[in-house]
Each structure stands twice: as C-alpha cells, then as structure tokens.
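Colleague: Encoded as structure tokens, here's the structure I'll be asking about.
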C-alpha cells in the first residue's frame, strides 16, 4: 500500500471520527458495494432456504450469520481499491473470489469466525501479504492500544443489527392498536415453525438488517485500521514530505 495514493485526507483521527468516515465511505461507493454485497449474499440465502427444506431444521438464520466473513471480504475488496485508486466493477468479483481464500477467508469462516475485532484485522489478511508468525506479530502491534476501540465497534454494530432486525419485523405490527399483542406477535417471529410465512419474513428481515449494518461495520473497521497505521507509521508526515520534495524538485536547482 502506498500512503500517497490514498483518496482520503491523511491525518490522525479519534476512533469515533475514523468510524464515521467509514460510514461516509459506504455512502460514496454504494453503487459498487451493494451489487457486490448481494452477489455474495443472495446465493447464501438460497442455500439457507434449501438447507432448511432438506434438513427440516430452522438453520437458515445461523447460516446467513455464519457466512458474514464472505460478505466482508467482498466489501473490503471494493473499499480498499476505492481508497487507494478506483473502485472495481462488480463484474470483476468472480475473478477475485479465489484470492479471498488465499487471503484467509477459510480461517475467517472457521478459526477466526467468533473474533470480536474481525473488521479491524481483516485488512491485515487481505492487504499486507504476511503469514504465520509475522502476521501474528503484525496483528498484535496493530491491536496494541486499539483493542478496546475495535471491540467496542463490534459490540455497537451487533446491537445496531439486532435493533434493525426488530425494527424491520415490527413494521407490519405498527397497525395493531394493542401494544401487548404487538409484542407477542413480534417475538412470535422467532418461534415461527419452519416453512411458515413468519419464518420466511424473519429470514428476509435479517437480510435487510445485515445489509444496512454490515457494510458500515466493515468500512468503519477499515478506517480504524488505516488510522492506526497513520499513527504507527506517520503517514501524514510521509505524505507531506513527499509533496514538499516534489515541489522542490519541480523548481530545479537554484
């Protein structure tokens, strides 16, 4: 990665400001991010529905949740190219999929799946090209003094996703005048039998909630990562010195 190629103002930021920049980044590149998001998510949704029909168990929600690292890799693939150059076309996604497995997608879906700082360390796997002990040392260095911020980010977005899920499920219940009935019906979605309309609505509501929260979570984690590297490697000073050298060089000898 070349700091001078960044399409962002490079300076140290507070964690909250870096996370907010991630949300703005999603807004700026939504026309590429969301086609990639749904190209990865919709096949998993179809697989989840098929797995429920074949197994007879309501495992679709778990499968959609468990496969989050796959969607995250697609989002970071777009964002990383966008901030260091130009966002790729969603048509390039099939050729990038094999690269995701070389960059640690397998372990993200297994050994690292329950990590509560996965959005923060994902750029190390995707962008830095390290492995083994070298990568572990790198992650430990980046986590130093930033662990609390990355974990808090994870917890906030988990809460945000849960609230969005409940809000989406409650939309058709707003027309009921009875509050007790509303609450009973709302939590009834989570007890709905397999194959019922309510269960299908639950899956779709989770897709909506995740589609809003997860891209912003990945972008916010990426911005925390870039902010930490700016602190560690003084990217802002490096870029300022490069620009100064370029101006002096363009003048020629005096």
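The values are calculated or read from the model by the stated rules, or taken from the named source; none is laboratory data. These numbers come from a predicted model, not from an experiment. All Cβ positions, glycine included, derive from the backbone under ideal geometry; neighbour counts span all protein chains shown.
Colleague: When you look at residue 92, is it closer than 18 Å to residue 22 by Cβ and assigned to a helix (DSSP H, G or I), yes or no?
Modeller: no
Colleague: Please return the ranges of helices (runs of 4 or more DSSP H) entirely within the stretch 154-254 where 2 or more residues are more than 27 Å from residue 23 (Cβ to Cβ) and at pLDDT below 80.
Modeller: Correct list: 179-188, 235-251.
Colleague: Could you list all residues from the stretch 102-124 that are closer than 15 Å to residue 19 by Cα and assigned to a loop (DSSP other than H, G, I, E, B)?
Modeller: Within the stretch 102-124, just 117 meets the criteria.
Colleague: Does residue 73 count as surrounded by fewer than 18 Cβ atoms within 10 Å (Cβ to Cβ) and either more than 18 Å from the chain's Cα centre (by Cα) or assigned to a helix (DSSP H, G or I) (or both)?
Modeller: So residue 73 fails the test.
Colleague: Among the residues of the stretch 132-147, write down those that are crowded, with 16+ Cβ neighbours inside 10 Å and part of a helix (DSSP H, G or I).
Modeller: 135, 139, 142, 143
Colleague: Test residue 150 against the criterion of being surrounded by 15 or more Cβ atoms within 10 Å (Cβ to Cβ) and part of a helix (DSSP H, G or I), and give yes or no.
Modeller: For residue 150, the condition - surrounded by 15 or more Cβ atoms within 10 Å (Cβ to Cβ) and part of a helix (DSSP H, G or I) - is met.
Colleague: Follow-up. Mind listing whichever residues of the stretch 14-25 are surrounded by fewer than 22 Cβ atoms within 10 Å (Cβ to Cβ) and under 20 Å from residue 160 (Cα atoms)?
Modeller: 15, 16, 17, 20, 21, 23, 24
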